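What follows draws every value from the coordinates through simple rules; no lab data is involved. Keep in mind it's a predicted model, so treat the numbers as computed, not measured. Cβ sites come from the backbone with ideal geometry, for glycine too, and all protein chains shown count toward neighbours.
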Amino acid sequence: MWVRQAFAVFMKQPLAFAAVFAGFMFVLFVLALLPYVGSLLLLAGLPLATLAFMIATRRATNGRSPLPGAFTEPFQSSPAQRLTLAKLGLAYAVSTFLIMWLSDVADGGALDALMKSLGETKTPPAQIVARVRDPQLQLGLLLRFGLAGLLSLPFWHAPALAHWGGLGAGKALFFSLVACWRNWRAFAIYGLTWLGVILGFAVLANLLFFMLGQMRLIGVVAMPASLLFSTVFYVSLYFTFADCFVQDDPPTTIQETL
């Protein structure tokens, strides 16, 4: 239902949501170029980006344009709420850096070696296969994806709880984690549905271009398709939040619900 609602809302204002996603990507690109603090600011801005998409989706469901409120509304909240959002961003960035550091220690640089080998055209295929089969690399990847998945749970709803519910950083993280845990079956179906959508599109696209004898065109449609699915995924975040915390979309009652 969450995925279906996201596609329905997106199709009503596709250009507006595309503009929100483009603005999001542009900001990330600019932050990545900044020396020293660029990576920190980039990671710290991700919780704010998810909130911007939730705001955009909520505005669209109410018949309004997602722009420019998606970018301006978080900065129009109270100083305490803005401080909470800043704390959440900093906590997310620090936690991500810790996960990356632990994973690097666990794999002993195996991932960096693999990426370097992939970037060199003269690397023998056997050497790449050997690096991929390295147990340390697999342990590092398991830690990266596993810990990143666990980290997403407390931050899934936290920005929205801070913005609409007025909760502090600690309470927002706690209630987000509890909501994900109590509704894990719904989130499992949600994840499997997205997997099915992406795999289904890939299979159909490959079959279509194979029948047309134009397999080289797969790469042409892969990029716009990935951008489309990424945008709709962020649109769906609001519906996961609304069904976990509010009914009939009354943000003012979030605090009372908790």
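Some observations on this one:
- With a Förster radius of 35 Å applied to the beta-carbon distance between Thr193 and Gln138, the computed FRET efficiency rounds to 0.80.
- Two-site label geometry, Val37 and Trp101: point separation in nm, points 7 Å out along Cα→Cβ: 2.0 nm
- Computed from the C-beta positions of Ala86 and Met115, the FRET efficiency with R₀ = 35 Å rounds to 0.60.
- Helix 14-33 and the long axis of the chain differ in direction by around 70°, with both axes built from C-alpha atoms.
- Residue among Gln76, Leu204, Phe10 farthest towards the positive dipole end of the chain, charges placed on Cβ: Leu204
- Max mean-square fluctuation residue, GNM over the chain, Cα-Cα springs under 10 Å, options Val94, Val221, Val232: Val221
- Separation of the Asp243 and Asn62 label points, Cα + 7 Å toward Cβ, nm: 2.2 nm
- Seen against the Cα atoms of the chain and their longest principal axis, helix 2-12 is set at about 80 degrees.
- As a proxy for reagent exposure, ranking Tyr92, Tyr36 by other Cβ atoms within 10 Å from fewest up yields Tyr36, Tyr92.
- Centre-to-centre separation between the Cα atoms of the stretch 3-21 and those of the stretch 143-181: 24 Å.
- Structure-based [θ]222 nm, the chain - -39500 (n - 2.57) summed over DSSP H runs of at least 4, per residue, nearest 500: -26500 deg cm²/dmol
- Separation of the Thr123 and Phe7 label points, Cα + 7 Å toward Cβ, nm: 3.7 nm
- Listed values (1) 20.3, 62; (2) 17.6, 54; (3) 18.3, 60, entry calculated as Rg and Dmax of the Cα atoms in Å: (1)
- Leading residue at positive end of dipole, the chain (Cβ point charges), from Leu228, Leu150, Gly109: Leu228
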